Amino acid sequence: MTMSDSYREMTHLSVYVRFPIEGKERQSFLVWTTTPWTLPANVSLAVNPELDYVRAKVGDEVLIVSKGTLGTALPGSPTVLGFVKGSELVGLRYGGPFDELPAAKEGVSGHRVIAWKDVSEAEGTGLVHIAPGCGAEDFALSKTEKLAVLVPIDENAR
């Protein structure tokens, strides 16, 4: 087999996930990820402190995405309620997607939003889900931000 025979077009699945904001009824951060298998290890969300973010009403809930991704992340005609700098979102707490798992209960004492200048609007929602137990960049952030490192895998499971 030659290298020219090894090309194969692939489709990678992605998901959008709502992370409910603590103390804000029916308000969530909307995050896009191509690595949904890392969601059980989520400990933080990252925003770019310099980006503008939008609070947009969709149905009966408010979703937060970056201004530059509004049209692709929330197609249709969401009602824009206001704008906020990413720096103003830093420190907010939210509920994780699998907080009921034993590993999450033991390893995380609340999820929080952190600042990360590498978050962009090139794809997704302008928010990045951080799972330090699943990747080098996320692990590096866990050191600077003092985040828990979850690896929610039962090594004894068969």
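The values are calculated or read from the model by the stated rules, or taken from the named source; none is laboratory data. No experiment lies behind these values; they were computed from the predicted model shown. Just the protein is used for accessible areas: all its heavy atoms, side chains included, with ligands, DNA and RNA removed. Shrake-Rupley method; radii C 1.70, N 1.55, O 1.52, S 1.80 Å.
So, for segment 24-131, what is the accessible surface per residue at a probe of 1.4 Å, expressed in square angstrom?
On the way: 5150 Å² over 108 residues.
Roughly 48 Å² per residue, with all protein chains present.
Just by accessible area at a 1.4 angstrom probe, what is the order of ASP60, ASP52 from largest to smallest?
Ranked from most to least accessible, the order is ASP60, ASP52.
Ignoring ligands and nucleic acids, what accessible area does ASP99 show with a 1.4 Å probe (Å², nearest 10)?
Here the residue's solvent-accessible area equals roughly 60 Å².
Under the 0.36 nm per residue contour assumption, what length would be gained going from the current alpha-carbon distance of LYS146 and LYS117 to full extension? Intermediate values should be presented prior to the final figure.
Values: separation 29, 0.36 × 29 = 10.44 nm, distance 1.70 nm.
Between LYS146 and LYS117, full extension yields an extra 8.7 nm.
Ordering LYS57, LYS117 from largest to smallest accessible area (1.4 angstrom probe), what's the sequence?
Details: LYS57 90, LYS117 155 Å².
If we order LYS57, LYS117 from most to least accessible, we get LYS117, LYS57.
Taking only the C-alpha atoms, wrap a convex hull around segment 18-83 and report its volume per residue in Å³ as a whole number.
So the per-residue Cα hull volume is 110 Å³.
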